[in-house]
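The values are calculated or read from the model by the stated rules, or taken from the named source; none is laboratory data. Just so we're clear, the structure is a prediction, and the values are computed from it rather than from any experiment. Heads up, the Cβs are rebuilt from the backbone with ideal geometry, glycines too, and the neighbour counts pull from every protein chain shown.
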Amino acid sequence: MNHNEISKLALKWLKRPASQKGHGCIVAANELRSGWDGEIPDAIGFRLSGNHVFSVVVEAKVSRSDFLADKAKNHRIEGGMGNYRYFICPEGLIKPNELPKGWGLLWVNSRGHIKAIEGAAAYLGGSYLLASEKLIEWKVESDAQREMWLLIRLLSRVGDANQMNEWIKESKRLASKYIAECEKLRTQNKELSLKLFAAKQLPVAA
């Protein structure tokens with residue numbers, strides 16, 4: 001697998017629910033700038049959980065040299081983005097004992113299946129209490145300013161956000177209206193079918 005293929009898998013993984021050992025992000029994107037310079041995460045996701053918001057960054061590595069060079073990047077030294085951080089790589093390329101502090105690890109096998117090896121995600125989908133403890137244990141401070149920059153840029157691609165929201169509300173209203181009309185027609189069709197069946201059972205006059 002190449003870097004682009006693994007990055008796309010990471011994007012899908014970010015949206016996985018906890019039952020499938022994912023963080024259930026409701027917004028996820030890949031290779032977006034977080035400013036005019038600096039960090040460009042391979043994949044990043046955001047989730048609302050109650051009154052809390054958290055971010056998840058996944059960095060794809062397909063070679064040892066790329067992984068070893070990563071630690072020298074300025075945003076790695078200074079902190080960077082993501083309340084939860086993971087490297088994703090082909091199975092066995094990176095070992096758990098090689099990870100920087102605070103980083104989890106995702107392995108991708110030859111069939112494209114992802115397994116959480118290290119990090120909070122490795123404990124999701126099992127005991128709720130254990131998962132909650134690990135989510136607290138693995139959470140780190142993130143560069144909120146760059147994350148906000150990235151989200152605003154992402155939202156700007158939608159166009160007029162308020163107009164889009166109005167379109168969504170109108171679409172939902174029309175959908176509800178048409179569903180109600182279809183249900184009404186279904187009921188009428190059932191009644192007519194019963195009447196037709198009953199009419200066919202009547203004896204024919206001599």
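Pairing residues of segment 1-24 that are assigned by TED's automatic domain parsing to the domain that holds residue 114 and free of Cβ contacts under 8 Å to residues at least 60 places away in the same chain with residues that are acidic (Asp, Glu) and assigned to a helix (DSSP H, G or I), at Cβ distances under 7 Å and at least 6 apart in sequence or on separate chains, gives no pairs at all. Counting only residues that are in a helix (DSSP H, G or I) and either buried (at least 18 other Cβ atoms within 10 Å of the Cβ) or not assigned by TED's automatic domain parsing to the domain that holds residue 19 (or both), segment 118-130 holds 4 of them. Beta carbons closer than 7 Å, at least 6 apart along the sequence or on distinct chains, pair a first residue in segment 137-166 that is of a type outside the set (Gly, Ala, Ser) with a second that is loosely packed, with under 11 Cβ neighbours inside 10 Å for 155/161; 164/158.
Quick check on residue 104: is it modelled with pLDDT under 90 and more than 16 Å from the chain's Cα centre (by Cα)? Considered against the rule, which asks whether it is modelled with pLDDT under 90 and more than 16 Å from the chain's Cα centre (by Cα), residue 104 comes out as no.
Determine if segment 170-177 includes at least one residue that is without any contact (Cβ under 8 Å) to a residue 60 or more places away in the chain and surrounded by 12 or more Cβ atoms within 10 Å (Cβ to Cβ).
No, segment 170-177 has no match at all.
Please specify each residue of segment 54-88 satisfying the condition of being of a type outside the set (Gly, Ala, Ser) and within 17 Å of residue 22 (Cβ to Cβ).
Matches in segment 54-88: 54, 56, 57, 58, 59, 83, 84, 85, 86, 87, 88.
Here is the figure for segment 18-32: residues that are hydrophobic (A, V, I, L, M, F, W, C) and within 8 Å of the chain's Cα centre (by Cα) total 4.
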